Structures are given as C-alpha cells and as structure tokens.
1. For residues in the stretch 154-163 being surrounded by fewer than 21 Cβ atoms within 10 Å (Cβ to Cβ) and touching a strand residue (DSSP E or B) at 6+ places or on another chain (Cβ under 9 Å), which is farthest from Gly114 (Cα to Cα)?
2. Return yes or no: is Val311 at pLDDT below 95, of a type in the set (A, V, I, L, M) and open to solvent by 40 Å² or more (accessible area, probe 1.4 Å)?
3. In the stretch 245-270, how many are modelled with pLDDT of 50 or more and assigned to a loop (DSSP other than H, G, I, E, B)?
4. Identify the single condition in (1) under 29 Å from the mean Cα position of the chain (by Cα); (2) open to solvent by 60 Å² or more (accessible area, probe 1.4 Å) that Pro325 does not satisfy, given that it satisfies every other one.
5. What about Lys275, is it modelled with pLDDT of 90 or more and of a type in the set (Lys, Arg)?
6. Which condition does Leu318 not pass, out of (1) surrounded by 20 or more Cβ atoms within 10 Å (Cβ to Cβ); (2) on the phi > 0 side of the Ramachandran plot; (3) not aromatic (Phe, Trp, Tyr), if it passes all the others?
7. So which residues in the stretch 116-162 are of a type in the set (Ser, Thr, Tyr) and either within 21 Å of the chain's Cα centre (by Cα) or within 18 Å of Pro227 (Cβ to Cβ) (or both)?
8. Would you be able to tell me the number of residues in the stretch 120-134 that are more than 17 Å from Thr191 (Cβ to Cβ) and touching a residue at least 60 places away in the same chain (Cβ under 8 Å)?
Amino acid sequence: MPRVQCWRDLTNSRGYPLLTLPAPYQLPGARKRGTEPEGEIVKMKRREIFAGSAVAVLMMTTAACGSSDNYGGKAPAVQPVGDSKQAGSGYGDPYGSGAGAAPAGAAGKSGPAGQLKVSEVQGLGPGVTDSEGFTLYRFDKDTPKPPKSNCEGDCAAAWPAVAADDASVSEGIDAALLGSVARADGTKQLTLAGWPVYRYSKDAKAGDALGEGVGGTWHVLGPGGKPAGASKGAGAGAEKEEKKEEKADAAAKGGELTAVQNPQLGTLVEDGEGKTLYRFDKDSAWPMKIGCVDACTDTWKPAKPVDKEKVNGIAPELIGKVKRPDGSEQLTIDCWPVYTFTGDKEPGDTTGHNNKGLWFAITDKGKKAKVVG
C-alpha cells in the first residue's frame with residue numbers, strides 16, 4: 001500500500017520538524033448568548049367570554065367525536081408542571097375546522113401572544129405556548145425563507161394568526177428568533193425562526209394541543225421553530241424540507257464542506273450535497289495509508305478535495321488531500337482519507353456509521369463519531 005506522510009504533522013508553521021504530534025486543533029467557539037435583560041413583560045389580557053352550559057356541552061361532544069384520529073385515540077396535550085390535562089381527538093379535514101359551533105375560547109385567538117413560554121407536550125416534548133398557556137402551532141405549507149403565510153379564508157378561521165405586537169420570550173427561547181410577516185389583509189403576524197405562528201380554534205383551554213397532526217401539516221411549534229418532537233418523528237416531512245433548504249443555502253454560499261449537528265452522534269461533516277463523510281479503520285493518518293481500493297470503492301466513494309476557503313465550521317488547517325494508488329486525489333480531514341457511503345439515500349443519512357465496526361462518520365475534528373445504541 002502507498003504510504004504518504006502528512007506534512008502538517010511533520011513540521012511547524014516555520015518549517016522546523018516536530019518531535020511530537022500537535023495538540024488537536026480547536027474550532028472557534030460559538031459566542032454564547034447572554035441572558036436577555038429582564039424587563040417588564042407587557043401582557044395583553046385576553047377577552048373573556050362566558051359560554052352557556054348548552055354550548056359547553058356541544059363543544060365537549062364535538063371534541064370527543066372527531067371524524068378521524070391521528071393518534072389512535074388520543075392527541076397530545078401540553079402538560080404544565082403539576083397539572084394533568086386530558087387530550088382530545090384529532091380531525092381529518094385539512095384545517096381541522098369540523099362542523100357546528102366553535103368551542104369556547106375560540107374567539108380572540110388572533111391577539112398578541114405576550115410572553116412565549118416552553119411547556120411539555122405529552123408524547124412530543126418541549127413546545128411553545130403563549131402567556132396564558134395556549135399552544136402555538138406552525139403550518140408545513142408556509143415558508144420561513146422568506147416568511148410567508150399560506151393560511152387564509154377558512155383556514156385562518158380555524159387557525160387564527162397570532163398578532164406580532166408586544167411579543168417577548170422566557171427561558172428556553174431565543175429572542176433573536178422572533179419576527180413578523182405581513183399577511184394578505186395587511187396585519188402583522190408573529191413568526192418564530194421565520195415560521196408564521198398560529199393558535200387552534202378548537203383548543204378550548206390552556207394546555208390543549210388538539211391541533212397536532214391535523215391534515216398531516218399542522219404541528220405544535222418547538223422552541224427553535226421546528227415542529228415539537230421532530231426528533232421523535234413528528235413533522236418528519238417538514239424537517240426533510242427544511243434540511244433541503246439548509247443545503248440549498250449552503251450551496252448558495254459556496255460551501256463545499258459543512259459541520260452539522262447530529263442529535264445522536266454529535267458534530268459531523270457533510271459535503272456540498274449533504275452527504276455524510278466517513279473514515280475507515282484500515283486507512284491510516286500517520287503515515288497516510290489508503291486501505292479502501294478496487295471493489296471497496298464501489299460502496300465507499302473517495303471524497304474529492306475541496307477549497308479550504310469554502311468550508312463551514314471546520315478548521316481550514318485540518319483540510320488536506322492525498323494521492324490514491326490510481327493517481328486520483330482524495331480529501332483528507334486531519335490526515336484521514338474520507339469517503340461517502342452509497343447506502344446513504346437522503347441528505348444527512350448516517351447509515352454507514354459503525355458499518356462492520358470499521359467505518360465511522362467523521363467529526364469536525366477528524367475523530368470517529370461516538371457509537372450509540
């Protein structure tokens with residue numbers, strides 16, 4: 001096998017030989033956001049409505065008899081600490097508007113949110129509520145870049161847009177994610193991470209989350225703007241579309257290599273197409289040695305060298321290249337030759353990780369990603 005020394009490890013910046021390997025390069029740390037200054041929270045008191053007992057009975061009957069159930073009998077409910085909430089049923093029509101009278105509490109739901117809070121949603125995890133504990137939602141058919149609402153008419157009646165006035169955040173939500181978007185009627189709607197924010201007309205009380213999964217396009221809003229419980233499979237279609245948008249953004253910026261955060265494996269490296277990069281235990285970084293040749297490359301494709309100036313989140317000095325036995329050049333990270341896996345079908349897939357105990361997703365520092373499960 002050809003052996004190529006990694007000159008980054010043999011000499012220092014002045015060309016003098018080194019006796020030992022240098023300490024791992026450290027990525028510049030992301031600036032930590034300081035605690036937002038405390039101030040008086042402006043709260044807009046929601047209009048209180050009294051509902052007659054007959055309307056209340058009708059509302060309870062409607063909630064218990066939805067035309068379809070997205071969760072096999074129970075929809076998630078927000079669970080504030082020390083409180084126990086009953087979950088209602090899902091709805092099969094696209095907007096979840098159903099038929100008959102609107103439930104108590106439906107009026108006035110387009111008002112300001114006040115202070116956004118993070119509450120636990122049963123089966124989903126952290127979700128966002130307004131200052132009075134009503135669950136907030138996002139719509140998959142909207143867009144965050146640029147922000148645009150595609151919920152009008154009957155849709156807006158079932159999903160009132162949250163006004164952008166006087167919004168603030170509590171712990172767990174980044175204030176920099178708040179924004180607004182102009183609706184077709186000229187009003188300003190609150191956005192979180194670019195996503196227009198809504199309430200659901202059938203959520204009758206604080207803690208209800210009856211809108212989760214309606215039409216397969218409505219989801220409880222997570223603290224970062226993604227669907228609540230996205231890592232558990234909720235809002236998977238929206239997550240896939242967002243990932244495509246992120247890759248398109250990186251490509252537009254000329255990014256050929258990007259460090260990305262994987263919930264299970266940590267910080268990994270993807271190429272310009274969103275393919276995860278891997279390293280092989282039968283290769284060697286010191287001295288450089290190629291162990292994947294011939295038929296091996298049918299499954300594990302050697303990654304092509306990149307421009308060091310077009311990497312995002314990876315120290316440029318870790319980026320290099322090595323000449324393969326066939327004369328072609330291959331990308332290296334911290335002197336390790338890297339590959340893509342033909343078994344990965346979607347951007348961000350990591351199906352090659354820990355393959356046969358020899359192949360591992362590579363981290364932003366050239367190390368093997370941890371093995372989980």
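1. Filtering the stretch 154-163 for residues surrounded by fewer than 21 Cβ atoms within 10 Å (Cβ to Cβ) gives 154-157, 160, 163.
Then drop every residue that is not touching a strand residue (DSSP E or B) at 6+ places or on another chain (Cβ under 9 Å), which leaves 155-156, 160, 163.
Numbers: Cys155: 23, Ala156: 20, Pro160: 15, Ala163: 10 Å.
Filtering first and then ranking leaves Cys155.
2. Values: at pLDDT below 95: yes; of a type in the set (A, V, I, L, M): yes; open to solvent by 40 Å² or more (accessible area, probe 1.4 Å): no.
Taking the combined requirement at face value, the residue does not satisfy it.
3. Here the count works out to 5.
4. Tallying (1) under 29 Å from the mean Cα position of the chain (by Cα); (2) open to solvent by 60 Å² or more (accessible area, probe 1.4 Å), Pro325 fails exactly one: (1).
5. Working: modelled with pLDDT of 90 or more: yes; of a type in the set (Lys, Arg): yes.
For Lys275, the condition - modelled with pLDDT of 90 or more and of a type in the set (Lys, Arg) - is met.
6. Leu318 satisfies all of (1) surrounded by 20 or more Cβ atoms within 10 Å (Cβ to Cβ); (2) on the phi > 0 side of the Ramachandran plot; (3) not aromatic (Phe, Trp, Tyr) except (2).
7. Kept after step one, since they are of a type in the set (Ser, Thr, Tyr), are these residues of the stretch 116-162: 119, 129, 131, 135, 137, 143, 149.
Those that are of a type in the set (Ser, Thr, Tyr) and either within 21 Å of the chain's Cα centre (by Cα) or within 18 Å of Pro227 (Cβ to Cβ) (or both): Ser119, Thr129, Thr135, Tyr137, Thr143, Ser149.
8. To start, the set of residues in the stretch 120-134 that are more than 17 Å from Thr191 (Cβ to Cβ) comprises 120-126, 131-134.
When the remaining residues are screened for being touching a residue at least 60 places away in the same chain (Cβ under 8 Å), the result is 121-126, 131-134.
Adding up the residues that qualify gives 10.
The values are calculated or read from the model by the stated rules, or taken from the named source; none is laboratory data. For clarity, every value in this text was computed on a predicted model and none was experimentally measured. With ideal geometry, Cβ positions are generated from the backbone for all residues, glycine too; neighbour counts draw on all protein chains shown. Just the protein is used for accessible areas: all its heavy atoms, side chains included, with ligands, DNA and RNA removed. Shrake-Rupley method; radii C 1.70, N 1.55, O 1.52, S 1.80 Å.
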